[in-house]
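A.B. asks: This structure is in structure tokens; I'll ask about it shortly.
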Amino acid sequence: MGGVEDDEPASKRMKLSSEELIHLSNGSTVKESIVGSSRDLMARPLQSDGGEEVVGSKGVIKKVEFVRIMAKALYSLGYRRSGAHLEEESGIALHSSIINVFMRQVLEGDWDESVATLHNIGLTDEMTIKSASFLILEQKFFEFLDEEKVMDALKTLRTEISPLCINHSRVRELSLSIVSPSHCFTVRSPKQDTSRARSRTKLLEELQKLLPPTVMIPERRLEHLVEQALGLQRDACMFHNSLDEEISLFADHQCARDQIPSYALQILQAHTDEIWFLQFSHNGKYLASSSHDCSAIIWEVDANGISLKHKLSGHQKPVSSVSWSPDDHQLLTCGVEEVVRRWDASSGECLSVYEKAGLGMVSCGWSPDGKWIFSGVNDKSISMWELDGRELECWKGQRTLKISDLEITSDGKQIISICRETAILLLDREAKVERFIEEDQTITSFSLSRDNRFLLVNLLNQEIHLWSIEDDLKLVSKYRGHKRTRFIIRSCFGGLEQAFVASGSEDSLVYIWHRGTGELIEALPGHSGAVNCVSWNPTNPHMLASASDDRTIRIWGLNNLSAKQKDTHGNGFHYSNGGT
């Protein structure tokens, strides 16, 4: 639906007969008198000296639209005289005569006239007209009730609102507000302020959302366009990884590569064998690692670096994985086809052991409320346990493999596990519905995004696939470049808003891709053995950890954090400047 316009420029408009300037919701003023009924005013195209004249180097911005949006922005910012001067000098009106009449009628409470004017604006969508009429008449209804004119309110409801035949549930609510005046306050929208003037202004804003934008330009349209442009520039920036990075209107946004954690700030050396798994806690204050040496370690993260807090011993077999409780107070460790142990993260004490006679555990995870734990079992089933070790439920059948990750979504409904060599099971334990991600290649590991909408799937053919799992299962992107021929290699989401994907690799490098574009950003050298697992600190986008067969964990950060070199082996770590 096109716009409408004045016959004369803004400088020739007359004042309202009331000689008052009516301030609209955007700060603009109506300055024209109305001659005759609004029914005589019909919508006409906005005047433009240039017709379909365009501005900008690409020739896609219509001058009329551009000027109207600028005028709208000036009025919204409170620069009413500047907005009026722009209308006058350009000869392009922000609103047509009939729209100005309509806005004035709404603000002055001329309900019957405003409904009549609404029908003369030139709208083609009958539902839009009905919906706008409903809002106007609803305001009329409430103002009658405020004035204790109950019969007038009832008449409005019966003869004007109900015949619109829309929003029947709302009509019933309005009826109840007549029967029970106290119910009126619960029926009112939060936007219907008790102050009449403010309430009418809010009504005008709601009407503005209903009418076509060419007729009434949406509030803050220019701000929205600018924010959208800045957002697109940020999303297209390959290295955007900092909340502190200011985005200016004066130049196109582009972060430098130094926003990516690519310097080995610290090397942790407390494990005595290959390190298979590591994971930062949800609050970013701890890091847990597990190793072929049958131990797990809890590391503490602070401003001075990362230090060893507890070495957890008790497993008789290599520890394949760990999982932090939702509140980060406890940690699960899983031995290879052995048992799952639950530890107190503060004291390092083993609180409970979960095992099944004649069977071994292969994976572990927490319910989002921390009340239960889940474990994959080497008979291909998945069990759910009370914290005290009592098994609550067991999903038997082809639910998991001997080598599999295990994730539970944050709503607690879905259990995710590798159920076949080329398939991942998404089990809705409440609806008892199973969905499957099917791949052509053998799946070696997977990782769930923080928002539970995406899954990173590592494959035997040296590819990482990004799947959307929110509604329909959909392959979104592929990441290539890392090496994997023999071992289980794990990847992770990370960085600001999880905009990056990191992965280990058998060539001793840590690989980082831009999640949106799939472009490889970094391949970080430093390890002397296969990098089995990576974990990005969820609260610090500039901290990445990698675990390797070389028995070390490298903590990657920004170059400016590495102010000096240290070599302190007493607590199991030393600092490095990133050299190999």
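The values are calculated or read from the model by the stated rules, or taken from the named source; none is laboratory data. Quick caveat, the model's predicted, so the values are computed rather than measured. Cβ: placed from backbone, ideal geometry, glycine included. Neighbour counts: every protein chain shown. Accessible surface is based on the protein model in full, side chains and every heavy atom, while ligands, DNA and RNA are left aside. Shrake-Rupley method; radii C 1.70, N 1.55, O 1.52, S 1.80 Å.
A.B. asks: Can you list residue pairs whose Cβ atoms sit under 7 Å apart, with the first residue in the range 359-379 being at negative phi and not assigned by the TED database to the domain that holds H315 and the second being surrounded by fewer than 17 Cβ atoms within 10 Å (Cβ to Cβ) and of a type in the set (D, E, K, R)? Count only pairs 6 or more apart in sequence or on different chains.
C.D. replies: Going by the 7 Å Cβ cut-off, there are no qualifying pairs.
A.B. asks: Could you identify the single residue in I469, I437, I424 that is assigned by the TED database to the domain that holds V534, under 20 Å from G518 (Cα atoms), of a type in the set (V, I, T) and at pLDDT 95 or above?
C.D. replies: Going through I469, I437, I424 in turn, just one is assigned by the TED database to the domain that holds V534, under 20 Å from G518 (Cα atoms), of a type in the set (V, I, T) and at pLDDT 95 or above: I469.
A.B. asks: Do we find that S375 is over 28 Å from I489 (Cβ atoms), of a type in the set (S, T, Y) and either open to solvent by less than 60 Å² (accessible area, probe 1.4 Å) or within 25 Å of the chain's Cα centre (by Cα) (or both) in this structure?
C.D. replies: No, not satisfied.
A.B. asks: Hand me the list of helices (runs of 4 or more DSSP H) wholly inside the range 68-180 holding 2 or more residues that are surrounded by fewer than 16 Cβ atoms within 10 Å (Cβ to Cβ), more than 35 Å from the chain's Cα centre (by Cα) and without any contact (Cβ under 8 Å) to a residue 12 or more places away in the chain. I'd like the intermediate steps shown before the answer.
C.D. replies: Values: elements: 80-90, 97-108, 111-120, 126-146, 150-156, 168-179.
In the range 68-180, 80-90, 111-120, 150-156, 168-179 are the helices (runs of 4 or more DSSP H) which contain 2 or more residues that are surrounded by fewer than 16 Cβ atoms within 10 Å (Cβ to Cβ), more than 35 Å from the chain's Cα centre (by Cα) and without any contact (Cβ under 8 Å) to a residue 12 or more places away in the chain.
Conditions (1) of a type in the set (D, E, K, R); (2) farther than 22 Å from H329 by Cα; (3) assigned to a strand (DSSP E or B), marked per residue:
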position: V362; (1), (2), (3): no, yes, yes
position: I373; (1), (2), (3): no, no, yes
position: D388; (1), (2), (3): yes, no, no
position: C394; (1), (2), (3): no, yes, yes
position: G397; (1), (2), (3): no, yes, no
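A.B. asks: Suppose we filter the range 430-453 for residues that are open to solvent by 10 Å² or more (accessible area, probe 1.4 Å) and outside any strand (DSSP E or B); how many remain?
C.D. replies: 11
A.B. asks: Out of L427, L456, report the one residue that is touching a residue at least 24 places away in the same chain (Cβ under 8 Å), within 22 Å of G397 (Cβ to Cβ) and in a strand (DSSP E or B).
C.D. replies: L427
A.B. asks: Would you mind finding the one in D328, D273 that is of a type in the set (D, E), under 23 Å from V531 (Cα atoms) and open to solvent by less than 50 Å² (accessible area, probe 1.4 Å)? Even if it seems obvious, please write down each step before you answer.
C.D. replies: Numbers: D328 fails: under 23 Å from V531 (Cα atoms).
The match here is D273.
A.B. asks: Continuing with this model, one more query. Which one is most open to solvent (accessible area, probe 1.4 Å), of the residues in the range 197-251 that are aliphatic (A, V, I, L, M) and closer than 15 Å to A73 by Cβ?
C.D. replies: The qualifying residue most open to solvent (accessible area, probe 1.4 Å) is L249.
A.B. asks: Do we have any residue at all in the range 512-534 that's among the aromatic types (F, W, Y), under 27 Å from V319 (Cβ atoms) and either at pLDDT below 95 or buried (at least 23 other Cβ atoms within 10 Å of the Cβ) (or both)?
C.D. replies: Quick first cut of the range 512-534, residues among the aromatic types (F, W, Y) only: 513.
Pick out the ones that are also under 27 Å from V319 (Cβ atoms) and you get none.
The answer is no, given that none of the residues of the range 512-534 is among the aromatic types (F, W, Y), under 27 Å from V319 (Cβ atoms) and either at pLDDT below 95 or buried (at least 23 other Cβ atoms within 10 Å of the Cβ) (or both).
A.B. asks: Quickly run through the range 400-428 and pick out the residues that are closer than 16 Å to V362 by Cβ and either among the aromatic types (F, W, Y) or open to solvent by 40 Å² or more (accessible area, probe 1.4 Å) (or both).
C.D. replies: Listed by number, the residues that qualify are K402, I403, E407, R420, E421.
A.B. asks: Further question: Could you list, in sequence order, the residues of the range 411-449 that are of a type in the set (S, T, N, Q) and over 19 Å from I488 (Cβ atoms)?
C.D. replies: Q414, S449
A.B. asks: S404: touching a strand residue (DSSP E or B) at 6+ places or on another chain (Cβ under 6 Å) and in a strand (DSSP E or B), yes or no? Reasoning before the result, please.
C.D. replies: Details: touching a strand residue (DSSP E or B) at 6+ places or on another chain (Cβ under 6 Å): yes; in a strand (DSSP E or B): no.
No: the conditions fail for S404.
A.B. asks: In addition: Could you list all residues from the range 222-242 that are touching a residue at least 12 places away in the same chain (Cβ under 8 Å) and farther than 21 Å from P261 by Cα?
C.D. replies: Across the range 222-242, the qualifying residues are L222, E223, L225, V226, L230, Q233.
A.B. asks: Taking S281 as the residue in question, decide whether it is within 30 Å of T517 (Cα to Cα), buried (at least 21 other Cβ atoms within 10 Å of the Cβ) and among the small types (G, A, S). I'd like the intermediate steps shown before the answer.
C.D. replies: On the way: within 30 Å of T517 (Cα to Cα): yes; buried (at least 21 other Cβ atoms within 10 Å of the Cβ): yes; among the small types (G, A, S): yes.
So S281 passes the test.
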